[in-house]
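The values are calculated or read from the model by the stated rules, or taken from the named source; none is laboratory data. All figures in this text were calculated on a predicted structure; none of them were measured in a lab. All Cβ positions, glycine included, derive from the backbone under ideal geometry; neighbour counts span all protein chains shown.
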Amino acid sequence: MKAKITFPKEPDFFYKDACKEVQAYFETNQIDKYGSNALLLKYVLLKVVCVFSYLLIFYFQNSYRVYLPFVMLGPLGIILALNISHDAIHGVAHSKKWINSYFTMQMDLIGANSFVWKKRHQFGHHTFPNTLGKDPDLTQTEIVKILPKATHKFYHKFQHLYVPFLYSVYTINWIYIRDFTDFFSKNSLLKNIPKKEYLKLITFKLLYISIFILVPFFYTSLSITQVVFGNLLMHISASYFLTLVLVPSHVSENSVFITPDSDGKMPYSWSHHQVITTTDFATNSYLTTWLLGGFNHHVVHHLFPNVSHVHYPKMTPIIKRLAKKYGLEYNHESSALHAYISHYNLLKNHGKQ
């Protein structure tokens with residue numbers, strides 16, 4: 001029987017002070033932790049752009065330009081999920097529960113099962129980020145060597161060359177394989193799945209296939225080959241956009257990977273663990289923050305996952321100042337490009353014998 005993973009007590013007042021200052025921010029500005037109206041407006045705008053892009057498939061059906069809306073729909077779906085569904089899964093998109101449920105469903109509409117992702121994200125990744133054997137986002141195959149202590153294969157020295165190509169099918173694997181694998185593998189995070197969730201899984205997968213494959217095939221002049229190629233382009237653009245967002249925050253050349261001791265005890269307290277294992281990037285860029293739903297303010301998100309991302313730009317300076325005060329290293333890359341280069345360097349460095 002594996003030992004229960006536990007964090008030691010907080011060694012200082014870093015997290016307590018952070019909570020006090022964040023609470024003072026809300027009280028001073030007379031606001032709450034939810035996204036509310038700001039997120040409602042953002043959803044309407046993003047949804048309109050997504051629907052308009054989808055309709056362009058029918059408008060361009062007799063032209064090679066028909067592939068443009070497919071390429072656009074990939075990142076747009078990811079942007080919608082990052083900005084709207086992610087906050088909703090944490091229960092902070094809006095103060096009304098039914099609106100959060102509706103926003104969560106937007107993830108299912110773009111093909112990714114929200115039930116599985118909530119379990120993986122909230123109860124796996126958020127609790128134990130970068131913890132070997134506990135963070136589901138660190139699960140890897142032998143094809144890629146992310147973890148420094150993973151078994152080395154001779155071909156890993158080339159992974160910085162071939163892994164970027166593997167990233168192009170990230171969302172295809174997620175939507176058509178990983179969701180089903182998670183549902184039927186019965187891992188510790190997905191025990192006793194309600195029957196309605198199985199029905200929801202199948203229903204939304206069929207709806208997704210209908211929207212992006214069957215409808216364009218039956219109601220345009222496009223051949224099945226053209227529709228499938230368009231979908232492939234959509235997934236490639238979505239995959240690269242998503243990996244650009246996700247990997248720098250936890251898998252960069254300066255990332256720390258944690259292993260609990262034989263008794264299951266972690267080396268750092270919970271709040272220190274969140275800061276040490278997480279990296280921010282481009283936090284001074286309003287456009288990056290708006291497009292990525294605050295994912296670039298990742299440290300504050302891990303410390304305060306129960307707060308909407310619309311507040312992160314005001315909260316990040318608090319965390320940076322307190323981290324410096326208490327001697328905690330705050331990891332930050334100046335831009336998304338630098339963050340992705342840092343991830344590339346990790347692949348190159350860990351590929352060496």
- In region 150-159, residues that are touching a residue at least 40 places away in the same chain (Cβ under 8 Å) and either crowded, with 18+ Cβ neighbours inside 10 Å or of a type in the set (F, W, Y) (or both) total 3
- Pick from region 211-242 the residues that are small (G, A, S) and within 25 Å of the chain's Cα centre (by Cα): which of them is surrounded by the most Cβ atoms within 10 Å (Cβ to Cβ)? A238
- Among L201, L147, the single one that is of a type outside the set (V, I, T), touching a Phe, Trp or Tyr at 6+ places or on another chain (Cβ under 8 Å), surrounded by 15 or more Cβ atoms within 10 Å (Cβ to Cβ) and under 27 Å from M266 (Cβ atoms) is L147
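Among helices (runs of 4 or more DSSP H) lying entirely in region 131-245, which contain 3 or more residues that are of a type in the set (D, E, K, R)? I'd like the intermediate steps shown before the answer.
Details: elements: 159-166, 170-173, 179-185, 195-209, 215-219.
In region 131-245, 195-209 are the helices (runs of 4 or more DSSP H) which contain 3 or more residues that are of a type in the set (D, E, K, R).
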- Query: If E329 passes every condition in (1) assigned to a helix (DSSP H, G or I); (2) closer than 30 Å to K157 by Cβ; (3) of a type in the set (D, E, K, R) but one, which one does it miss?
  - Reply: (1)
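Does E10 satisfy the criteria of being out of contact with any strand residue (DSSP E or B) (no Cβ under 6 Å at 6 or more places or on another chain), assigned to a helix (DSSP H, G or I) and either among the charged types (D, E, K, R) or free of Cβ contacts under 8 Å to residues at least 12 places away in the same chain (or both)?
When the stated conditions are applied, E10 does not pass them.
Scan region 306-326 for residues that are part of a helix (DSSP H, G or I) and touching a Phe, Trp or Tyr at 6+ places or on another chain (Cβ under 9 Å) and report the count.
Step one: of region 306-326, the residues part of a helix (DSSP H, G or I) are 309-325.
Now drop any that are not touching a Phe, Trp or Tyr at 6+ places or on another chain (Cβ under 9 Å), which leaves 309-315, 318-320, 322-325.
Summing the residues that are part of a helix (DSSP H, G or I) and touching a Phe, Trp or Tyr at 6+ places or on another chain (Cβ under 9 Å) in region 306-326 gives 14.
Look at region 89-114 and say how many of its residues are closer than 23 Å to L76 by Cβ, within 17 Å of the chain's Cα centre (by Cα) and not β-branched (V, I, T). Give the derivation first.
The initial filter retains those residues of region 89-114 that are closer than 23 Å to L76 by Cβ, namely 89-90, 92-94, 99-114.
With within 17 Å of the chain's Cα centre (by Cα) added as a condition, the list becomes 89-90, 92-93, 103-114.
Remaining after also requiring not β-branched (V, I, T): 90, 93, 103, 105-109, 111-114.
Total satisfying the criteria: 12.
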- Would you please list the contacts, defined by Cβ atoms under 7 Å and residues six or more apart or on different chains, that run from a residue in region 206-224 that is over 23 Å from D108 (Cα atoms) to a residue that is of a type outside the set (A, V, I, L, M)? T220/F58; T220/Q61; S221/Q61; S221/N62; L222/Q61; L222/P216; I224/F217
- Could you check V66 against (1) more than 21 Å from V245 (Cα to Cα); (2) not in a helix (DSSP H, G or I) and say which number it fails? (2)
- Item | Lone unmet requirement of (1) within 26 Å of T277 (Cα to Cα); (2) without any contact (Cβ under 8 Å) to a residue 40 or more places away in the chain for R120 | (2)
- Out of the residues in region 62-104 that are at pLDDT 95 or above and farther than 24 Å from K118 by Cβ, state the one that is surrounded by the fewest Cβ atoms within 10 Å (Cβ to Cβ). R65
